[in-house]
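Peer 1: Got a structure for you, questions after.
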Amino acid sequence: MNKPMDLSSSLPDANGLFGSFGGRFVAETLMPLILELQDEYATAKNDPEFQRQLAYFQGDYVGRPSPLYFAERLTEHFGGASIYLKREELNHTGAHKINNCIGQVLLAKQMGKKRIIAETGAGMHGVATATVAARFGLPCVIYMGTTDIERQQTNVFRMKLLGAEVIPVTSGTGTLKDAMNEALRDWVTNVDDTFYIIGTVAGPHPYPAMVRDFQAVIGHETRTQMLEKHGRLPDSLVACIGGGSNAMGLFHPFLNDSAVQMIGVEAGGKGVKSGLHAASLNGGTPGVLHGNRTYLLQNADGQISDAHSISAGLDYPGIGPEHAWLHEQKRVEYVSATDAEALEAFQICCRQEGIIPALETAHALAEVAKRAPTLPREHLMVVNLSGRGDKDMMSVAHHLGEQLDEAC
Amino acid sequence: MIAIQDNTMNDTVNQAVTHSSRLEQCFATLKQQNRPALVSYLTAGDPDADASRRLLHGLPEAGVDIIELGMPFSDPMADGPAIQKAALRALESGQTQAKTLEMVRRFREENSSTPIVLMGYYNPIFCYGVERFLTDAANAGVDGLIVVDLPPEHDEELCQPAARHGIDFIRLATPTTDARRLPKVLANASGFIYYVSVAGVTGGSAPTPERLESSVAQLREHTDLPIAVGFGIRTAEQAATIGRFSDAVVVGSALVDCIEHAASADDAVEQVHGLVSELAESVRACRQ
């Protein structure tokens with residue numbers, strides 16, 4: 001089932017550009033390292049031994065392929081399109097994040113790096129990184145904003161159990177963007193021995209393309225599974241978007257199939273018009289941050305604004321550059337779901353399917369709630385169930401007005 | 001009669017000292033005096049507009065040869081805590097790109113010789129609009145730009161357009177810049193080369209002078225441009241040691257720290273100019 005990574009894509013170009021988006025906007029100190037990473041990755045991509053190892057760990061360690069599950073009760077509940085869930089929440093560590101981390105840690109080993117660093121928002125990428133670092137015996141430092149540490153304490157404890165050092169980031173708003181700034185500062189200071197595992201399809205080239213390729217296993221499997229079940233491709237794909245790695249992983253292998261509709265769901269927070277949201281494409285403008293040009297939440301003077309979302313994993317004022325390009329190409333439709341809509345969809349999924357989704361994933365389900373009822377049963381809709389919601393118990397309880405014991 | 005003469009003189013000076021040559025003239029003069037330049041870094045608008053203006057205007061008299069003026073950015077990824085906080089103080093006090101350019105313009109009304117280099121990150125320039133920014137910067141009297149997150153791979157974004165406006169693009173070379181990479185770094189460089197003394201963020205620890213001296217010597221084999229050294233230089237003693245073999249010494253975080261720890265805006269101005277005088281004295285004497 002484990003397909004080789006997509007080799008056919010023509011983008012990004014040699015400078016890491018998707019149209020005008022992407023690029024390598026980093027300090028000179030990092031440039032030699034980024035160029036080396038680019039070369040090493042290009043080699044690994046075509047190295048059968050690297051691919052064999054990747055397939056082995058994706059299978060026996062991560063638990064791939066993840067099922068493509070027909071959500072019968074959810075389909076009946078909405079009364080329209082046939083809804084399929086791509087069960088990424090069943091992966092080891094409970095989200096799609098590990099697909100990428102396994103790939104990058106293998107690359108880190110190949111490059112002889114001795115130390116792993118990463119940024120995290122909701123903590124899922126931090127947990128996945130701490131997991132692979134433990135598995136490969138590498139010391140690991142995770143940067144996490146203090147605001148996120150507060151709302152994701154379980155994941156902080158998981159990372160510590162896995163042997164990672166979690167460094168609280170107090171600068172800025174203490175969320176994902178600040179964690180990324182701090183990880184970049186660490187990297188620039190420890191260039192010789194450190195590998196930075198970026199968790200999403202953003203950052204300087206080659207990260208957006210590399211993370212996409214490692215996540216594309218989601219789309220490749222979906223394609224094969226849907227062909228096995230129905231003998232045809234799905235009609236639409238729906239995924240939530242923070243940086244956009246689970247969406248890109250699902251979408252990318254279908255980009256050339258023009259009949260397949262794709263919908264990316266950004267975090268609308270209190271509503272895009274309220275200004276309190278994390279919808280970079282629907283409420284932002286092009287700019288340059290964290291090594292790439294993309295759509296950003298910012299003021300007219302180019303100062304980055306705070307993102308807002310009920311979900312820590314989507315609370316980022318940017319988006320992967322390939323999404324920015326697909327948005328301008330109009331190949332993918334980008335919409336948004338509010339905190340309230342996500343919370344509602346979260347509960348429907350729990351009750352109808354016995355699956356507790358991550359709050360991030362609930363944004364994709366909120367779009368399904370709007371779209372599925374208007375479509376016929378023959379319409380095959382795939383939703384990326386990108387993560388499980390155990391980590392969100394405290395947060396959801398708080399929003400639903402329930403008191404939970406800290407220990408649970 | 002006298003007033004008319006003065007105006008004529010000023011016009012002559014302004015014509016002779018074109019934007020791109022202020023840096024050349026400065027380094028030529030210092031070479032004659034056999035001493036390195038003292039380069040100061042302050043963030044525009046830190047701690048507030050008025051104090052920042054007073055800080056800026058007093059720098060040449062306190063002994064600064066070249067002024068680096070930071071354009072504050074909300075997410076300064078290559079800077080340590082001192083300059084991060086300075087950027088936030090400036091932004092909170094309402095600093096904008098337009099106000100930074102206005103500061104330079106007003107400075108130029110009374111000083112036509114001290115070079116000013118704007119330093120920062122690309123996004124605020126990109127959002128201001130590259131052509132508009134370069135036109136306004138050239139008119140204001142900006143001599144050069146240091147933009148941390150624009151490596152030579154992106155020269156078409158700002159470096160090449162800046163050259164067309166007569167504004168130097170100062171390139172950073174770092175300990176990770178190897179022999180294979182150096183030609184690319186130097187290709188479109190102008191003004192001077194800024195050697196980042198350590199792999200890390202601003203305000204970090206300083207490297208050993210021996211290692212630095214050999215790095216600067218290696219760099220000189222590949223370029224005729226003056227070489228400035230910065231990152232981690234905090235004291236008059238360090239400045240003197242490094243000034244013996246470099247063409248310029250950059251001090252930033254130590255000055256910005258004075259602003260953070262000052263009791264008031266007046267105190268900040270006094271402390272910064274005090275430290276600058278100390279550094280200037282040391283730099284002036286370092287090769288004697």
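Peer 1: Taking the Cα centre of region A:60-151 as the origin, how large is its charge dipole in debye, to the nearest 20, when only Lys and Arg (+1) and Asp and Glu (-1) carry charge on their Cβ atoms? Please report the intermediate quantities before stating the final value.
Peer 2: Values: 11 positive and 8 negative charges, 102 e Å.
Computed charge dipole of region A:60-151: roughly 500 debye.
Peer 1: Also, I was wondering about something else. Could you tell me what fraction of 2.2 N^0.38 Å the Cα radius of gyration of region B:105-190 comes to, as a two-decimal ratio? Provide the component values of the computation, followed by the final result.
Peer 2: Working: Rg = 13.6 Å, N = 86, 2.2 N^0.38 = 12.0 Å.
Normalised Rg, Cα atoms only: 1.13.
Peer 1: Just order A:37-46, A:230-239 by mean Cβ neighbour count inside 10 Å, highest at the front, would you?
Peer 2: Numbers: A:37-46: 16.4, A:230-239: 20.0.
Per-residue Cβ counts within 10 Å, averaged per peptide and sorted highest first, yield A:230-239, A:37-46.
Peer 1: For a quick check of your reading of the filter: which trypsin sites (Lys or Arg not before Pro) in region B:75-117 sit in a DSSP loop and have no more than 12 other Cβ atoms within 10 Å?
Peer 2: Details: sites: B:LYS85, B:ARG89, B:LYS99, B:ARG105, B:ARG106, B:ARG108; in loops: none.
Here no loop site has a sparse enough neighbourhood.
Peer 1: Now for a separate question. Report the gain in length on full extension from A:PHE70 to A:ILE167: 0.36 nm times residue separation, minus Cα-Cα distance, nm rounded to one decimal. List each step's numbers first, then the result.
Peer 2: Details: separation 97, 0.36 × 97 = 34.92 nm, distance 4.07 nm.
Full extension from A:PHE70 to A:ILE167 adds 30.9 nm.
Peer 1: If you find the alpha carbon centre of region A:150-169 and of region A:69-125, how far apart are they in angstrom?
Peer 2: Computed from Cα coordinates, the inter-centre distance equals 19 Å.
Peer 1: Also, I was wondering about something else. I'd like the distance separating the alpha-carbon centroids of region B:211-231 and region A:361-408, in whole Å.
Peer 2: 57
Peer 1: Over region B:79-186, what is the relative contact order in percent, taking alpha-carbon pairs closer than 8 angstrom and at least six residues apart? List each step's numbers first, then the result.
Peer 2: Working: 88 pairs, mean separation 26.1, N = 108.
Answer for region B:79-186 is 24 percent.
Peer 1: Quick one: which of A:LYS330/B:LYS184; A:LYS109/A:LYS177; A:LYS160/A:LYS273; A:LYS45/A:LYS113; A:LYS97/B:LYS85 span more than 29 angstrom between C-alpha atoms? Can you show the working numbers first?
Peer 2: Details: A:LYS330/B:LYS184 37 Å; A:LYS109/A:LYS177 27 Å; A:LYS160/A:LYS273 39 Å; A:LYS45/A:LYS113 18 Å; A:LYS97/B:LYS85 33 Å.
Among A:LYS330/B:LYS184; A:LYS109/A:LYS177; A:LYS160/A:LYS273; A:LYS45/A:LYS113; A:LYS97/B:LYS85, the Cα-Cα distance tops 29 Å for A:LYS330/B:LYS184; A:LYS160/A:LYS273; A:LYS97/B:LYS85.
Peer 1: Work from the charge dipole of the protein assembly as shown (Cβ charges, +1 for Lys and Arg, -1 for Asp and Glu, about the Cα centre) and give the residue of A:GLN352, A:VAL169, B:ALA265 farthest towards its positive end.
Peer 2: A:GLN352
Peer 1: How big is region B:184-229 on each of its three principal axes, counting only the C-alpha atoms and giving the largest first in Å?
Peer 2: Its Cα atoms span 29, 21, 16 Å along the three principal axes.
Peer 1: Now for a different question. Give me the percent of accessible area attributable to carbon and sulfur for the protein assembly as shown, probe 1.4 angstrom. Don't skip to the answer; put the middle values down first.
Peer 2: Details: 12700 of 25230 Å².
The computed percentage sits at 50.
Peer 1: Sticking with this structure for a sec: Would you calculate the separation in nanometres between label points at A:LEU400 and A:THR43, each defined as 7 Å from the Cα along the Cα-to-beta-carbon direction?
Peer 2: For A:LEU400 paired with A:THR43, the spin-label model returns 5.2 nm.
Peer 1: How shielded is B:119-125 by partner chains, expressed as the average number of their Cβ atoms within 10 Å of its Cβ atoms?
Peer 2: Details: counts 0, 1, 5, 6, 12, 7, 2.
Other-chain Cβ atoms within 10 Å of each residue's Cβ, averaged: 5.
Peer 1: Sticking to Cα atoms, compute the Rg of region A:29-93 to one decimal and its Dmax as the biggest Cα-Cα distance, whole number, in Å.
Peer 2: Computed over the Cα atoms of region A:29-93, radius of gyration and Dmax are 19.1, 56 Å.
Peer 1: Evaluate Rg over Rh across region A:1-109, taking Cα atoms for both radii and Kirkwood's formula for Rh. List each step's numbers first, then the result.
Peer 2: Details: Rg = 18.3 Å, Rh = 16.8 Å.
Checking Rg against Rh, the ratio lands at 1.09.
Peer 1: Only Cα pairs under 8 Å and at least 6 apart count here; give the relative contact order of region A:182-257 as a rounded whole percent. Show your work: numbers first, answer last.
Peer 2: Working: 71 pairs, mean separation 24.2, N = 76.
That works out to 32 percent.
Peer 1: Here's something else I'd like to know. Kindly give Rg over Rh for region A:192-322, based on alpha-carbon atoms, with the Kirkwood expression for the hydrodynamic radius. Mind showing how you got there, number by number?
Peer 2: Numbers: Rg = 16.0 Å, Rh = 15.7 Å.
Answer for region A:192-322: 1.02.
Peer 1: What's the total accessible area buried between chains B and A, using a 1.4 Å probe, rounded to the nearest 100 Å²?
Peer 2: Working: alone 13000 and 15020 Å², together 25230 Å².
The summed interface area works out to 2800 Å².
Peer 1: Show which lysines lie in cross-link reach of A:LYS229 when reach means a straight Cα distance below 19 angstrom and same-chain residues fewer than eight apart are skipped.
Peer 2: Candidates past the 8-residue exclusion: A:LYS3, A:LYS86.
Peer 1: Placing +1 at every Lys and Arg Cβ and -1 at every Asp and Glu Cβ, with all other atoms neutral, what dipole size does the protein assembly as shown have around its Cα centre, in debye to the nearest 20? Please list the in-between numbers first.
Peer 2: Working: 57 positive and 84 negative charges, 295 e Å.
In debye, rounded to 20, the protein assembly as shown gives about 1420.
Peer 1: I've got another one for you. Under a Cβ-Cβ cut-off of 13 Å, what is the net charge of the residues other than A:PHE50 that fall near it, where Lys and Arg count +1 and Asp and Glu count -1? Intermediate results must be reported in sequence, preceding the final value.
Peer 2: Numbers: positive: A:LYS45, A:ARG52, A:LYS109; negative: A:GLU40, A:ASP47, A:GLU49, A:ASP213.
With Lys, Arg at +1 and Asp, Glu at -1, the neighbours total -1.
Peer 1: Please average, across the residues of B:66-76, the number of beta carbons from any other chain that are within 10 Å of each residue's own beta carbon, and give a whole number.
Peer 2: Working: counts 0, 0, 0, 0, 0, 2, 2, 5, 15, 14, 3.
Per residue, the number of nearby Cβ atoms from other chains is 4 on average.
Peer 1: Continuing with this model, one more query. Just to confirm my numbers, what's the Cα centroid distance between region B:71-85 and region A:319-340 in Å?
Peer 2: Result: 29 Å between the Cα centres.
Peer 1: Let me ask you something else. Give me the one-decimal nm value for the distance between modelled label points at B:GLU237 and A:SER258, 7 Å along each residue's Cα-to-Cβ direction.
Peer 2: 7.3
Peer 1: What does the protein assembly as shown give for Rg and for Dmax, in Å, if only its C-alpha atoms count?
Peer 2: Calculated on Cα positions, Rg and Dmax stand at 27.0, 95 Å.
Peer 1: Rounded to the nearest 5, what is the percent of antiparallel bridges among the DSSP beta bridges in chain A? If you can, show how the numbers build up before the last one.
Peer 2: Details: 15 of 48 bridges.
So the antiparallel bridges in chain A amount to around 30 percent.
Peer 1: While we're on this one: Which value at 222 nm does chain A reach when only helices count, each DSSP H run of 4 or more adding -39,500 (n - 2.57), with the total divided by all residues and rounded to the nearest 500 deg cm²/dmol? Walk me through the intermediate numbers first.
Peer 2: Numbers: 16 runs with 164 residues, N = 408.
Taking each H run of at least 4 residues, the total per residue is -12000 deg cm²/dmol.
Peer 1: Per the Kirkwood treatment, what hydrodynamic radius in Å, one decimal, follows for region B:123-243 from the mean inverse distance over all distinct Cα pairs?
Peer 2: Numbers: mean 1/r = 0.0649 Å⁻¹.
It works out to 15.4 Å.
Peer 1: Determine, for each peptide in B:181-190, A:20-29, the mean count of other beta carbons within 10 angstrom over its residues, then list the peptides with the highest first.
Peer 2: Values: B:181-190: 16.3, A:20-29: 25.0.
My ranking of the peptides, most packed first, is A:20-29, B:181-190.
Peer 1: Same structure again: Peptide B:168-176: average number of partner chain Cβ atoms within 10 Å per residue? Display every interim value, and only then the final one.
Peer 2: Working: counts 0, 0, 0, 1, 4, 2, 8, 3, 10.
If you average over the peptide's residues, the count of other-chain Cβ atoms is 3.
Peer 1: Normalise the Debye intensity by I(0) for chain A, one equal point scatterer per Cα, no solvent, then take log10 at q = 0.07, 0.08, 0.09 Å⁻¹ and round to two decimals.
Peer 2: Normalising to I(0) and taking log10 leaves -0.28, -0.36, -0.47.
Peer 1: What longest region of chain B stays clear of GluC sites (Glu not before Pro) that DSSP places outside H, G, I, E and B and that have at most 16 other Cβ atoms within 10 Å?
Peer 2: Numbers: sites that count: B:GLU156, B:GLU221.
No qualifying site falls inside B:1-155, the longest such stretch.
Peer 1: Sticking with this structure for a sec: Calculate log10 I(q)/I(0) of region A:306-391 for q = 0.22 Å⁻¹, where I(q) comes from the Debye formula with a single equal point scatterer on each Cα and nothing for solvent.
Peer 2: Values, matching the q order: -1.19.
Peer 1: Suppose we keep just the DSSP beta bridges with both residues in the protein assembly as shown; what percent of those would be antiparallel, to 5? Don't skip to the end; give the middle numbers.
Peer 2: Details: 15 of 76 bridges.
Approximately 20 percent, going by the DSSP bridge assignments.
Peer 1: Give me the percent relative contact order of chain A, please, defined on Cα pairs under 8 angstrom at least 6 residues apart. Don't skip to the end; give the middle numbers.
Peer 2: On the way: 905 pairs, mean separation 83.7, N = 408.
The normalised contact order for chain A reaches 21 percent.
Peer 1: Based only on Cα atoms, what mean projected area does the convex hull of region A:79-238 have, in nm²?
Peer 2: On the way: hull surface 44.6 nm².
Approximately 11.2 nm², given one-decimal rounding.
Peer 1: P(r) of region A:176-256 in 5 Å steps, Cα pairs, percent per bin?
Peer 2: All Cα pairs, binned at 5 Å, distribute as 3, 14, 20, 19, 14, 10, 8, 6, 4, 2, 0 percent.
Peer 1: Could you pull the Cα extents of chain B along its three principal axes, largest to smallest, in whole Å?
Peer 2: The Cα atoms of chain B stretch 55, 44, 42 Å along the principal axes, largest first.
Peer 1: In addition: What whole-number volume per residue, in cubic angstrom, does the convex hull of the C-alpha atoms of region A:227-288 give?
Peer 2: Values: hull volume 7.4 nm³, N = 62.
Considering the Cα atoms of region A:227-288, their hull volume per residue is 119 Å³.
The values are calculated or read from the model by the stated rules, or taken from the named source; none is laboratory data. All figures in this text were calculated on a predicted structure; none of them were measured in a lab. Using ideal geometry, Cβ is built from the backbone for each residue, glycine included, and neighbour counts are taken over all protein chains shown. Each accessible area value is taken on the protein alone, full model and side chains, heavy atoms only, with ligands, DNA and RNA left out. Shrake-Rupley method; radii C 1.70, N 1.55, O 1.52, S 1.80 Å.
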